[in-house]
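The structure under discussion appears below in the form of structure tokens.
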Amino acid sequence: MNTLSPRQRDCLQLVWERQATSKEIAAELGISKSTVDGYIAEAVEALGARDRRAAAALAFGQTPRAASGGHMTRVVEVQNVVTPDASSTEGFLASRPWRSRSRPRNTLSLAQTLGWIAIIAIGSLAALSLAASIGSGLPSVARPVIHAVRTLTT
């Protein structure tokens with residue numbers, strides 16, 4: 001541990017505590033991703049570890065399961081996790097399934113995920129039926145779609 005610079009220790013600590021990526025570490029420390037990669041590579045070499053997680057384990061007093069070839073395991077304490085509530089005042093459509101700067105990971109509940117699947121399926125069905133109806137007339141093809149939407153929403 002004494003052979004590591006303070007920045008190398010900071011990078012490894014974020015790897016150990018949060019399993020952070022180089023990009024996340026760079027944003028946290030205010031340095032570039034390539035600089036983080038350099039710090040971690042130097043730390044891995046200095047500690048004689050096989051990878052960044054093993055180096056982080058060595059640096060913070062944990063020893064990886066070595067000779068058996070098994071993987072290092074640990075329990076992560078979860079703190080301050082905000083999960084979206086399906087009954088929130090923002091509404092269902094406010095919890096979008098794509099990433100954003102404020103929400104880099106998927107935090108949708110199972111119900112929200114299934115809801116988005118249903119919305120995409122209905123939209124795809126509607127688009128397909130409209131595309132098929134171009135040559136044959138809209139009203140005859142649109143009726144089953146309108147009926148399906150009414151059935152699902154009631």
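The values are calculated or read from the model by the stated rules, or taken from the named source; none is laboratory data. On a predicted model such as this, the values are computed, not experimentally measured, just so you know. These area figures cover heavy atoms from the full protein model, side chains too; ligands, DNA and RNA do not enter into them. Shrake-Rupley method; radii C 1.70, N 1.55, O 1.52, S 1.80 Å.
The figures follow:
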quantity: Potential lengthening between Thr3 and Val149 on full extension [0.36 nm per residue; Cα-Cα distance subtracted]; calculated: 46.1 nm
quantity: Length released on extending from Glu28 to Ala41, taking residue separation times 0.36 nm less the Cα-Cα span; calculated: 2.9 nm
quantity: Integer Hz, Karplus 6.51/-1.76/1.60 couplings in order for the range 119-124, x for Gly and Pro; calculated: 4, 5, 5, 5, x, 5
quantity: Portion, in percent, of the accessible area of the range 1-59 that falls on carbon or sulfur, probe 1.4 Å; calculated: 47 percent
